[in-house]
Amino acid sequence: QMTSAAQAGGGWVKYVWRNSLDEDPYHKVSFIIKISKYGREYYGGVGYTMKRWPLVEQCTAQYLSTCSEANTMSLIGHASSAINNAQSAAELQEFYRRVTDREPEFTFGDFH
């Protein structure tokens with residue numbers, strides 16, 4: 001998948017990753033390129049982890065506290081990364097369906 005994207009001139013790739021066997025696998029997205037230099041081919045990329053920032057569970061001041069702001073930023077960041085990294089119209093439609101259906105990944109209590 002990464003090699004194909006790089007050889008096509010560069011592209012975004014989604015994949016599952018973990019840094020050690022003690023860590024649960026998680027999703028990442030990277031832009032991968034191929035560089036030909038000195039008679040050799042090199043592959044490089046830069047990306048980020050698609051993990052939602054942890055929500056503050058004990059956030060009781062109804063939308064007026066710093067924990068509410070942190071939770072809002074977590075949900076917005078998670079949603080914007082899903083939109084920006086949709087690699088097809090079908091994938092984008094699936095994201096909107098999950099948000100509209102209020103799946104737990106995009107909600108926090110009554111906030112969505």
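Couple of notes before you dig in:
- Restricting attention to region 1-25, the residues that are over 28 Å from R40 (Cα atoms) and open to solvent by less than 70 Å² (accessible area, probe 1.4 Å) add up to 2.
- Residue in region 26-36 that is least open to solvent (accessible area, probe 1.4 Å), counting only those that are of a type outside the set (S, T, N, Q) and at pLDDT 90 or above: I32
- Qualifying residue in region 57-76 (condition: assigned to a loop (DSSP other than H, G, I, E, B), open to solvent by less than 70 Å² (accessible area, probe 1.4 Å), modelled with pLDDT under 85 and not polar (S, T, N, Q)): yes
- So S30, is it touching a Gly at 6+ places or on another chain (Cβ under 7 Å) and part of a strand (DSSP E or B): yes
- For region 40-56, the set of residues classified as assigned to a loop (DSSP other than H, G, I, E, B) and of a type in the set (V, I, T) consists of V56 only.
- Residues located in region 77-98, provided they are open to solvent by 60 Å² or more (accessible area, probe 1.4 Å), of a type outside the set (D, E) and more than 11 Å from the chain's Cα centre (by Cα): Q87, A89, A90, Q93, Y96, R97
- A single entry from G39, G44 fulfils the requirement of being surrounded by fewer than 10 Cβ atoms within 10 Å (Cβ to Cβ) and modelled with pLDDT of 75 or more: G39.
The values are calculated or read from the model by the stated rules, or taken from the named source; none is laboratory data. This one's a predicted model, so the numbers in the text were calculated from it and none came from an experiment. Every residue, glycine as well, gets a Cβ built from its backbone with ideal geometry; the counts of neighbours run over all protein chains shown. We work out accessible area using only protein heavy atoms, side chains counted, and drop any ligands, DNA or RNA first. Shrake-Rupley method; radii C 1.70, N 1.55, O 1.52, S 1.80 Å.
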